[in-house]
1. Looking at the stretch 83-98 only, could you name the residues that are of a type in the set (A, V, I, L, M) and farther than 30 Å from M65 by Cβ?
2. Can you tell me which residues in the stretch 101-122 are of a type in the set (D, E, K, R) and either under 17 Å from P47 (Cβ atoms) or surrounded by 14 or more Cβ atoms within 10 Å (Cβ to Cβ) (or both)?
3. Name the residues in the stretch 8-37 that are in contact with a Gly (Cβ under 8 Å, 6 or more places away or on another chain) and exposed (fewer than 14 other Cβ atoms within 10 Å of the Cβ), would you?
4. Considering only strands (runs of 3 or more DSSP E) fully contained in the stretch 38-133, which possess at least 2 residues that are modelled with pLDDT of 95 or more and within 30 Å of Q9 (Cβ to Cβ)?
5. Just one of the numbered conditions (1) surrounded by 13 or more Cβ atoms within 10 Å (Cβ to Cβ); (2) closer than 22 Å to V111 by Cβ is not true of I76; which one?
6. Just the residues that are under 16 Å from K127 (Cβ atoms) and either acidic (D, E) or open to solvent by 80 Å² or more (accessible area, probe 1.4 Å) (or both), please, taken from the stretch 79-97.
7. What pairs come out if I take residues in the stretch 14-31 that are closer than 16 Å to L106 by Cβ and free of Cβ contacts under 8 Å to residues at least 24 places away in the same chain and pair them with residues that are open to solvent by 30 Å² or more (accessible area, probe 1.4 Å) and of a type in the set (S, T, N, Q) whose C-beta lies under 8 Å away, six or more apart or interchain?
8. Only one of (1) out of contact with any Asp or Glu (no Cβ under 7 Å at 6 or more places or on another chain); (2) touching a residue at least 12 places away in the same chain (Cβ under 8 Å); (3) under 19 Å from A101 (Cα atoms); (4) open to solvent by less than 40 Å² (accessible area, probe 1.4 Å) fails for G42. Which number is that?
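The values are calculated or read from the model by the stated rules, or taken from the named source; none is laboratory data. As the structure is a prediction and not an experimental result, all values here were calculated from the model. Note that we place each Cβ from the backbone using ideal geometry, even for glycine, and neighbour counts take in every protein chain shown. All accessible areas refer to the heavy atoms of the entire protein, side chains included, with ligands and DNA or RNA removed. Shrake-Rupley method; radii C 1.70, N 1.55, O 1.52, S 1.80 Å.
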Amino acid sequence: MADATTTSQLLTPTLDDDGAPFWEYAARGELRIQACAEADCGELRFPPRPCCPHCQSFDSEWRRMSGRGRIWSYVIPHPPLLPAYAAQAPYNAIVVELAEAPRIRLVGNLVSAPDAPLNSVDPDRLKIGARVQVAFTEVDGVTVPRWVLERS
């Protein structure tokens with residue numbers, strides 16, 4: 001996930017062995033987070049890594065999450081931007097705290113629908129604490145999580 005490619009000029013993750021299951025589940029429309037499989041531990045961890053930082057076990061499993069969360073933080077990027085992103089400005093980048101795992105935070109974009117452009121939500125609608133739901137879309141062959149406002 002650290003490196004990126006720009007086939008369509010939007011950045012996409014580079015898959016590695018530790019994170020590959022995350023992206024495989026995303027392609028199925030599932031949000032799963034790596035967890036320690038040690039019976040006495042069970043801690044969730046993100047980003048994925050081979051060893052549990054709590055108990056040092058190498059045993060892990062992938063737990064399905066509800067996909068619900070809340071906006072923990074956000075930013076509206078400003079120039080200079082890569083051309084594909086400049087064309088969609090102003091857009092947002094949000095940090096989402098997962099509902100059932102508040103210490104797990106994922107970065108993405110708040111959009112009006114899974115395949116909507118990055119600028120589909122007016123920046124004035126962004127609020128810390130707003131409830132969101134994961135929505136998946138494909139970008140250059142990789143299914144990525146995005147976020148939509150949860151309906152009341």
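1. A86, A87, A89 - these are the residues of the stretch 83-98 that are of a type in the set (A, V, I, L, M) and farther than 30 Å from M65 by Cβ.
2. Matches in the stretch 101-122: R103, R105.
3. Answer for the stretch 8-37, where residues must be in contact with a Gly (Cβ under 8 Å, 6 or more places away or on another chain) and exposed (fewer than 14 other Cβ atoms within 10 Å of the Cβ): there is none.
4. The qualifying strands (runs of 3 or more DSSP E) are 68-75, 93-98, 101-108.
5. Of (1) surrounded by 13 or more Cβ atoms within 10 Å (Cβ to Cβ); (2) closer than 22 Å to V111 by Cβ, only one is false for I76: (1).
6. Residue satisfying the conditions is E97 alone.
7. none
8. Just one mismatch for G42, condition (2).
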